[in-house]
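Asker: What follows is a structure written as structure tokens; I'll ask about it next.
The values are calculated or read from the model by the stated rules, or taken from the named source; none is laboratory data. Owing to the predicted nature of the structure, the values given are computational and were not obtained by experimental measurement. Here the Cβ positions follow ideal geometry from the backbone for every residue, glycine too, while neighbour counts run over all protein chains shown. Areas reflect the complete protein model, heavy atoms only, side chains present, ligands, DNA and RNA absent. Shrake-Rupley method; radii C 1.70, N 1.55, O 1.52, S 1.80 Å.
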Amino acid sequence: MSIELFDLFLATSLVGLSLLLLLGADFFRSVVLFIVFGLLMALAWARLNAPDLALAEAIVGAGVTGALLMGTWHRTKSTFRGGEWNSRIVIPHIILTLIVAALLVWGVVELASEPVAGLKGEVLERLAESGVSSPVTAVLLNFRGYDTLLELGVLLLVVVAVQYAGANRPDVTTPPGAALTAFMAIISPLLVLVSGYLLWRGSHAPGGAFQAGAMLGAAGILALLVSPSNLVGWFEGRLRSLLVVGPLLFLSVAIAAVAGGNFLQFPLHWAGGLILLVEAGATISIAAALVVLFIGSSGKPELKGGAKE
Amino acid sequence: MTAPLYGIAGVLIFCVSLFALAVRPQLLHKVLALNVGGSGIFLVYIALASRGGGEVLDPVPQAMVITGIVIAVSTTALALVLVLKLEQLFGVTRLSDTDKGGTE
């Protein structure tokens with residue numbers, strides 16, 4: 001029973017980073033450390049043999065979440081006083097946290113020493129029937145497709161809630177720096193290309209709709225930072241169709257599957273093609289949703305009286 | 001031995017985030033704490049999933065955590081929009097400490 005030195009270092013760095021970023025005064029520093037935390041998490045997922053998860057964490061957990069946090073902080077900088085603590089309750093809370101931590105660590109160590117097989121065997125047994133050869137994609141899009149369908153629904157719901165909370169539009173007043181513009185010129189075709197590759201690759205190797213959609217969304221956020229008026233103009237008329245194509249496509253395929261079996265039961269021969277089709281729709285919707293969420297959490301408010309650009 | 005190690009790390013991250021959530025009054029700090037706490041919970045979950053051993057991790061928990069990450073981003077985005085709206089309407093980014101409620 002040995003611990004690899006790398007794992008020990010990684011786990012300690014993760015805990016140390018979480019302490020630094022949550023208890024520090026400067027929020028900007030906290031967000032930067034959060035992005036580093038996300039990347040180290042991606043390494044931890046890789047160490048735990050979860051490459052799909054590592055991809056998703058690096059793109060969405062570190063990248064997009066960091067961008068969202070940074071955007072909102074920038075917008076609220078003037079009223080934000082970072083170093084505050086609720087000093088009356090710090091000492092009791094430290095004691096409470098230590099007790100809870102001790103109990104939970106004890107529980108986790110007990111749980112982690114039981115050898116448990118999990119569902120890996122069952123999934124690998126039925127993998128051939130799913131239409132894809134990656135076990136994670138098979139679980140996400142076929143065996144537990146219901147979860148993914150509802151997840152797309154939740155994403156759409158959050159977009160509606162964000163729009164309902166009050167429309168924002170992207171900040172077009174600050175011109176982008178030369179470095180960002182040059183970087184964007186090089187990176188944007190690569191982002192689109194890698195996104196398409198991840199989408200196609202998801203059927204037989206780590207990848208899939210969420211990673212591809214998040215990468216495309218990241219490309220959209222970068223485009224917003226560099227030339228917002230171009231992207232917003234292109235988005236305006238198409239926004240609803242882009243957001244809806246994923247859930248609608250998945251739902252239609254799920255209902256159409258009733259003809260041959262049950263709701264969401266992909267017919268055996270068509271399963272691979274249908275999964276790719278559904279994933280393509282999901283990629284577009286996830287990308288559009290992430291861009292709308294970024295505008296919502298970092299944009300300027302719409303002018304009173306409903307004046308729009 | 002990696003399962004208990006990452007499990008303990010995940011638990012500690014979660015406990016630190018609970019502490020930060022309670023003790024830091026600024027809303028942006030709370031949103032950050034929720035996010036980090038979510039990551040800690042995912043770490044515990046996957047660490048326990050890795051008990052099975054071998055080259056391939058149990059795909060069901062992995063798929064669930066991928067879904068969880070996307071949901072966490074959505075929740076964070078909505079929370080940030082609400083913080084933004086609060087700041088635009090009331091000019092503060094924290095909740096009131098007094099019992100009267102509102103934004104002091």
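Asker: Average partner chain C-beta neighbours within 10 Å, per residue of B:35-47?
Answerer: Mean shielding count: 5.
Asker: Relative contact order of chain B: what whole-number percent is it, with Cα pairs under 8 angstrom and at least 6 residues apart?
Answerer: 27 percent
Asker: I would also like to ask the following. Rolling a 1.4 angstrom probe over the protein chains, ignoring ligands and nucleic acids, what is the accessible area of B:I41 in square angstrom, nearest 10?
Answerer: Only protein atoms counted, so the area is about 90 Å².
Asker: Per residue and in Å³, how big is the convex hull formed by the alpha-carbon atoms of the protein assembly as shown?
Answerer: Taking only Cα atoms, the protein assembly as shown has a hull volume of 155 Å³ per residue.
Asker: Any idea what the alpha-carbon Rg over 2.2 N^0.38 Å comes to for chain B?
Answerer: 1.35
Asker: Let's see if you can work this out: charge +1 on each Lys and Arg Cβ, -1 on each Asp and Glu Cβ, no other charges. What is the dipole magnitude of the range A:147-261 about its Cα centre, in debye to the nearest 20?
Answerer: 160 debye
Asker: Mind checking the dipole of chain A: about its Cα centre, +1 per Lys or Arg Cβ, -1 per Asp or Glu Cβ, Debye to the nearest 20?
Answerer: Approximately 960 debye in magnitude.
Asker: Taking only C-alpha pairs under 8 Å that are 6+ residues apart, what is the relative contact order of the range A:1-128 in percent?
Answerer: RCO, the range A:1-128: 19 percent.
Asker: Okay, moving on. Rank these by accessible area, largest first, 1.4 Å probe: A:W106, A:W85.
Answerer: Largest accessible area first, the list is A:W106, A:W85.
Asker: Something else: Per 0.36 nm of contour for each residue apart, how much would the distance between A:L193 and A:L20 grow if the chain were fully extended, relative to their Cα-Cα spacing?
Answerer: 58.7 nm
Asker: Between A:H204 and A:V100, what is the FRET efficiency for a Förster distance of 41 Å, r being their Cβ-Cβ separation, to the nearest 0.05?
Answerer: Between A:H204 and A:V100 the formula returns 0.45.
Asker: Per residue, how big is the convex hull of the range B:21-65 when only Cα atoms are used? Give it in Å³.
Answerer: About 69 Å³ per residue, rounded to a whole number.
Asker: Still on this structure, please answer the following. So which DSSP H runs in chain A come out at 20 Å plus along the axis (Cα) with average Kyte-Doolittle of at least -0.5?
Answerer: Result, helices passing both filters: A:5-23, A:27-47, A:90-112, A:145-164, A:178-201, A:209-226, A:228-256, A:271-298.
Asker: Would you list the P(r) distribution for the range B:38-85, with all Cα-Cα distances sorted into 5 Å bins from 0 and each bin expressed as a whole %?
Answerer: Spelled out per bin, shortest first, that is 5, 20, 23, 17, 13, 9, 6, 4, 2, 0.
Asker: What are the extents of the Cα atoms of the range A:229-288 along their three principal axes, listed from largest to smallest and rounded to whole Å?
Answerer: Here the Cα extents, ordered largest to smallest, are 47, 17, 12 Å.
Asker: If I ignore ligands, DNA and RNA and count only protein heavy atoms, how much of A:E129 is accessible to a 1.4 Å probe, in Å² to the nearest 10?
Answerer: Per-residue accessible area (A:E129): approximately 90 Å².
Asker: A further question follows. Farthest toward the dipole's positive end in the range A:1-145, which of A:A67, A:L140, A:N86, given Cβ charges of +1 (Lys, Arg) and -1 (Asp, Glu) about the Cα centre?
Answerer: Sorting the options by dipole projection puts first A:N86.
Asker: Seen from all sides and averaged, what is the projected area of the convex hull of the Cα atoms in the range A:106-245, in nm²?
Answerer: 13.1 nm²
Asker: What dipole magnitude, in Debye to the nearest 20, does the range A:52-153 give about its Cα centre under +1 on Lys/Arg Cβ and -1 on Asp/Glu Cβ?
Answerer: 680 debye
Asker: Given a cut-off of under 8 Å on Cα pairs at least six residues apart, what relative contact order in percent is computed for chain A?
Answerer: Once normalised by length, the contact order is 22 percent.
Asker: Residues of A:136-148, mean number of Cβ from any other protein chain within 10 Å of their own Cβ, rounded to a whole number?
Answerer: The mean count of partner-chain Cβ atoms within 10 Å per residue comes to 3.
Asker: Separate question: Placing +1 on the Cβ of each Lys and Arg and -1 on the Cβ of each Asp and Glu in chain A, which of A:A161, A:G299, A:A102 has its Cα farthest towards the positive end of the resulting dipole?
Answerer: A:G299
Asker: Still on this structure: I'd like the accessible area for A:E279, computed on protein heavy atoms only with a 1.4 Å probe and all protein chains in place. Round to 10 Å², please.
Answerer: Accessible surface of A:E279 is approximately 10 Å².
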